[in-house]
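Visitor: Have a look at this one before I ask anything.
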Amino acid sequence: MTTALHNVKAYAAPAEGQPLTPTTLTRRAVGPHDVLIDIKYVGICHSDIHTVRGDWGLQTYPLTPGHEIAGIVAQVGSEVTGLKVGDHVGVGCMVNSCGHCTNCRHGDEQYCLNGTVFTYGYSDRDGTITQGGYSTHVVVDAGFVPTIPDTLDLAEAAPLLCAGITIYSPLAHWGTGPGKKVAVVGLGGLGHMGVKIAHAMGAEVTVLSESLKEQEDGLRLGADHYYATSDPDTIPNCPASST
Ligand SMILES: [Zn+2]
Ligand SMILES: [Zn+2]
């Protein structure tokens, strides 16, 4: 199956530290194992900002960031079996790996011994530099494209592809569930997801925040306890608290 390259609209940083500007990207033709995704939403991760600023080392510009991608499958490659046109899908931080090293074979593609290909700014298997989701479309190996249930709004799903998995992964790894206690330090971008996800998994959730300013939000999101680390008096049985 041969398909044409796709010229798509995007935003890219033309050089280190420069504001993003409208541009056109050429996405590769959809290969046998690829899908073309019509991107509907993309989250803004602080990593995007660090990367385009050059905070994490020299980049190849122009650079289109974005690794919290949510969209709809628009085309599938001839060998793709798990996805079809119209499916709601996402793309997170990585889009390719060697597929045959020990780590890849065990499902740890993020530790690929031959180099994980991250969603933007990395050299892909075909030698091109990956470009992220601040764009209308992306072509990605279907093995790196999880489905999103139709019951979940795509706009709300997008941040789960980076911030969400960052929190979900350790909670799942450590067997979070009923009878377990989870403490979340800070109710920020990741912290508030930690509260929601740990609560949904059935754990007893405590937020340790610098102050009680966001206590109401924390309790509303599912925290059972909320203490201020700057004020020992709010922490029961704290040795430093006054009597
Ligand atoms: Zn991120
Ligand atoms: Zn590998």
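The values are calculated or read from the model by the stated rules, or taken from the named source; none is laboratory data. Just so you know, these numbers come straight off a predicted model, no measurement behind them. Neighbour counts run over all protein chains shown; Cβ positions are idealised from the backbone, glycine included. To get the accessible areas, we keep the full protein, side chains included, count just its heavy atoms, and leave off ligands, DNA and RNA. Shrake-Rupley method; radii C 1.70, N 1.55, O 1.52, S 1.80 Å.
Visitor: Of the residues that sit in region 189-212 and are in contact with a strand residue (DSSP E or B) (Cβ under 9 Å, 6 or more places away or on another chain) and in a loop (DSSP other than H, G, I, E, B), which one is most open to solvent (accessible area, probe 1.4 Å)?
Guide: Glu210
Visitor: Out of everything in region 9-31 that is among the hydrophobic types (A, V, I, L, M, F, W, C), open to solvent by less than 60 Å² (accessible area, probe 1.4 Å) and assigned to a loop (DSSP other than H, G, I, E, B), what residue ends up being farthest from Leu83 (Cα to Cα)? Steps first, answer last, please.
Guide: Of all residues in region 9-31, those among the hydrophobic types (A, V, I, L, M, F, W, C) come to 10, 12-13, 15, 20, 25, 29-30.
Subset that is open to solvent by less than 60 Å² (accessible area, probe 1.4 Å): 10, 12-13, 15, 25, 29-30.
Now drop any that are not assigned to a loop (DSSP other than H, G, I, E, B), which leaves 15, 29-30.
Values: Ala15: 36, Ala29: 17, Val30: 14 Å.
Out of the qualifying residues, it is Ala15.
Visitor: Being more than 24 Å from Leu160 (Cβ to Cβ), more than 16 Å from ligand 1 (Cβ to nearest atom) and open to solvent by 50 Å² or more (accessible area, probe 1.4 Å), is that true of even one residue in region 35-53? Before the answer, list the steps.
Guide: Start the filter on region 35-53 by keeping residues that are more than 24 Å from Leu160 (Cβ to Cβ), which leaves 53.
Those left that are additionally more than 16 Å from ligand 1 (Cβ to nearest atom): none.
Scanning region 35-53, I find no residue that is more than 24 Å from Leu160 (Cβ to Cβ), more than 16 Å from ligand 1 (Cβ to nearest atom) and open to solvent by 50 Å² or more (accessible area, probe 1.4 Å), so the answer is no.
Visitor: Related question: So Tyr120 clears everything in (1) part of a loop (DSSP other than H, G, I, E, B); (2) under 30 Å from Gly57 (Cβ atoms); (3) open to solvent by 30 Å² or more (accessible area, probe 1.4 Å) except one condition, right? Which one?
Guide: (3)
Visitor: Taking Ile72, is it aliphatic (A, V, I, L, M), surrounded by fewer than 17 Cβ atoms within 10 Å (Cβ to Cβ) and part of a strand (DSSP E or B)?
Guide: Details: aliphatic (A, V, I, L, M): yes; surrounded by fewer than 17 Cβ atoms within 10 Å (Cβ to Cβ): yes; part of a strand (DSSP E or B): yes.
Yes.
Visitor: Just to be sure before I move on: is Thr147 of a type in the set (S, T, N, Q), out of contact with any strand residue (DSSP E or B) (no Cβ under 8 Å at 6 or more places or on another chain), within 22 Å of Gly92 (Cα to Cα) and more than 13 Å from ligand 1 (Cβ to nearest atom) in the structure I sent?
Guide: Here the answer is no, as Thr147 does not meet what is asked.
Visitor: Something else: Can you tell me which residue within region 136-165, out of those that are of a type in the set (Gly, Ala, Ser) and under 16 Å from the mean Cα position of the chain (by Cα), is surrounded by the most Cβ atoms within 10 Å (Cβ to Cβ)?
Guide: Just the residues of region 136-165 that are of a type in the set (Gly, Ala, Ser), to begin with: 142-143, 155, 157-158, 163-164.
Imposing the further condition that a residue be under 16 Å from the mean Cα position of the chain (by Cα) reduces the set to 143, 155, 157-158, 163-164.
Numbers: Gly143: 17, Ala155: 12, Ala157: 23, Ala158: 29, Ala163: 21, Gly164: 22.
Here the residue is Ala158.
Visitor: Does Leu219 satisfy the condition of being open to solvent by 60 Å² or more (accessible area, probe 1.4 Å), modelled with pLDDT of 95 or more and within 16 Å of ligand 2 (Cβ to nearest atom)?
Guide: Here the answer is no, as Leu219 does not meet what is asked.
Visitor: Which residue pairs have Cβ atoms closer than 9 Å, lie 6 or more positions apart in sequence or on different chains, and pair a first residue in region 32-56 that is within 21 Å of Leu154 (Cβ to Cβ) and hydrophobic (A, V, I, L, M, F, W, C) with a second residue that is open to solvent by 20 Å² or more (accessible area, probe 1.4 Å) and within 16 Å of ligand 2 (Cβ to nearest atom)?
Guide: Close Cβ pairs (under 9 Å, with a partner that is open to solvent by 20 Å² or more (accessible area, probe 1.4 Å) and within 16 Å of ligand 2 (Cβ to nearest atom)) amount to Val35/Asp141; Cys45/Cys93.
Visitor: Checking the condition part of a strand (DSSP E or B) and more than 10 Å from ligand 2 (Cβ to nearest atom), which residue from Val85, Val80, Val89 passes? Please lay out each step first, then the result.
Guide: Working: Val85 fails: part of a strand (DSSP E or B); Val80 fails: part of a strand (DSSP E or B).
Matching residue, one of Val85, Val80, Val89: Val89.
Visitor: Here's something else I'd like to know. Among the residues of region 113-128, how many are over 16 Å from the mean Cα position of the chain (by Cα), away from ligand 2 (no atom under 16 Å from the Cβ) and at pLDDT 95 or above?
Guide: Looking only at that region, the number is 0.
Visitor: Considering only residues that are under 30 Å from Cys98 (Cα atoms) and open to solvent by 30 Å² or more (accessible area, probe 1.4 Å), which ones fall in region 168-181?
Guide: Of the residues in region 168-181, the ones under 30 Å from Cys98 (Cα atoms) are 168-175.
Within region 168-181, Tyr168, Ser169, Pro170, Ala172, His173, Trp174, Gly175 qualify.
Visitor: (1) more than 16 Å from ligand 2 (Cβ to nearest atom); (2) outside any loop (DSSP other than H, G, I, E, B); (3) open to solvent by 70 Å² or more (accessible area, probe 1.4 Å): which one isn't true of Gln110, the others all being true?
Guide: Against the list (1) more than 16 Å from ligand 2 (Cβ to nearest atom); (2) outside any loop (DSSP other than H, G, I, E, B); (3) open to solvent by 70 Å² or more (accessible area, probe 1.4 Å), Gln110 comes up short only on (1).
Visitor: Against the definition (open to solvent by less than 20 Å² (accessible area, probe 1.4 Å), in contact (Cβ under 8 Å) with a residue 60 or more places away in the chain and touching a His at 6+ places or on another chain (Cβ under 7 Å)), how does Gly66 come out, yes or no?
Guide: Numbers: open to solvent by less than 20 Å² (accessible area, probe 1.4 Å): yes; in contact (Cβ under 8 Å) with a residue 60 or more places away in the chain: yes; touching a His at 6+ places or on another chain (Cβ under 7 Å): no.
In short, no.
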